[in-house]
Amino acid sequence: MSTLSVNGLIKDFPSRSGGARGRFRAVNDVSFELTSGRTVALVGESGSGKSTVARMIAQLEKPTAGSIELDGLKIASAGRALRRYRSAVQMVFQDPFASLNPYHSISHHLRRPLQLNRQAESAAGYDREVLRLLERVNLTPAPDFIHRRPHELSGGQRQRVAIARALAPKPRVLIADEPVSMLDVSIRLGVLNLMAQLQREEDLAVLYITHDLATARHFSDEILVMYRGEVVEHGPSDAVILDPRHEYTKRLLAAAPDPGTHPRFAELQGRA
């Protein structure tokens, strides 16, 4: 069982407007834990700091202050320990087309992380692993996809490739930064169900970043609500959605359509 601990994260950026001492605080004193087999949803409006938190956990941004620990060990700044951390903590980005190189085949996108993490011992072994990953994300028959390029796939298929790529290093933590917001509404549920299935079967700790309060409730165990860089509410998913305490959470819920009146709500609820 793995635990990723986020402790007092702070992120400041230079402020063009001058601001207080020329800095803008995008994230302020954020703390929470991700544990194997559980999903934590990070919810808030655009600009609330959700993606900045995700990028700091993925080591794409350096925190101004605070710490991140995986199984009690702080992240190293360089070297093998940092590479091991980056293999253990993988990220699925919002836009699957932008996150895949249009010049390379699907096989290349999956083979590369397998090779970097030495997940096979021969060329034939890597070929088998590529096919296994495609099957794992329900892109079948897998041989039909290996020579295609991203522009030859639908948005949902591209996001499944991105998920397969994130699974290649056999991570313990998966960060999903609004993984379905760029997809057609008709295929979002399939991708979310896939991620929920993989979380159970791989015993992953998942951070799910979203604007969608309905999916946050039904696909996560806990919800953190962010507002202006701070976590203003944190608790079990049902408690946060059905009995919100903070005024901002109440406003978010009031601004969202009532999921109970949506014709696909029963389907979503039944599959979660």
Restricting attention to the range 188-203, report how many residues are touching a Ser or Thr at 6+ places or on another chain (Cβ under 7 Å) and touching a residue at least 60 places away in the same chain (Cβ under 8 Å).
2
Select from the range 223-250 the residues that are part of a helix (DSSP H, G or I) and closer than 21 Å to VAL53 by Cβ and list them in ascending order.
SER237, VAL240, ILE241, TYR248, THR249
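Condition check ((1) of a type in the set (Gly, Ala, Ser); (2) modelled with pLDDT of 95 or more; (3) touching a Lys or Arg at 6+ places or on another chain (Cβ under 9 Å); (4) under 23 Å from GLN119 (Cα atoms)) across all residues:
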{"site": "LEU192", "(1), (2), (3), (4)": "no, no, yes, no"}
{"site": "LEU204", "(1), (2), (3), (4)": "no, yes, yes, yes"}
{"site": "ILE209", "(1), (2), (3), (4)": "no, yes, yes, no"}
{"site": "ALA216", "(1), (2), (3), (4)": "yes, no, no, no"}
{"site": "GLU222", "(1), (2), (3), (4)": "no, yes, yes, no"}
{"site": "VAL231", "(1), (2), (3), (4)": "no, yes, no, no"}
{"site": "THR249", "(1), (2), (3), (4)": "no, no, no, no"}
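Look at ARG25 and say whether it is among the basic types (Lys, Arg) and outside any strand (DSSP E or B). Even if it seems obvious, please write down each step before you answer.
Details: among the basic types (Lys, Arg): yes; outside any strand (DSSP E or B): no.
Spelling it out, it is not the case that ARG25 is among the basic types (Lys, Arg) and outside any strand (DSSP E or B).
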Return the pair list, or none, for Cβ contacts closer than 6 Å from residues in the range 115-126 that are within 19 Å of ARG165 (Cβ to Cβ) to residues that are part of a loop (DSSP other than H, G, I, E, B), at least 6 apart or on different chains.
ASN117/PRO169; TYR126/ALA120
Quick one: how many residues across the range 82-128 are closer than 20 Å to ILE175 by Cβ and of a type in the set (Ser, Thr, Tyr)?
3
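Examine the range 212-222 for a residue that is part of a loop (DSSP other than H, G, I, E, B), small (Gly, Ala, Ser), buried (at least 23 other Cβ atoms within 10 Å of the Cβ) and under 18 Å from the mean Cα position of the chain (by Cα), and state whether such a residue exists.
yes
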Only one of HIS147, HIS109, HIS151 that is out of contact with any strand residue (DSSP E or B) (no Cβ under 8 Å at 6 or more places or on another chain), surrounded by fewer than 15 Cβ atoms within 10 Å (Cβ to Cβ), modelled with pLDDT of 90 or more and not in a loop (DSSP other than H, G, I, E, B):
HIS151
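The values are calculated or read from the model by the stated rules, or taken from the named source; none is laboratory data. Quick caveat: nothing in here was measured; it's all calculated off a predicted structure. Glycine also receives a Cβ, built like all others from the backbone with ideal geometry; neighbour counts cover every protein chain displayed.
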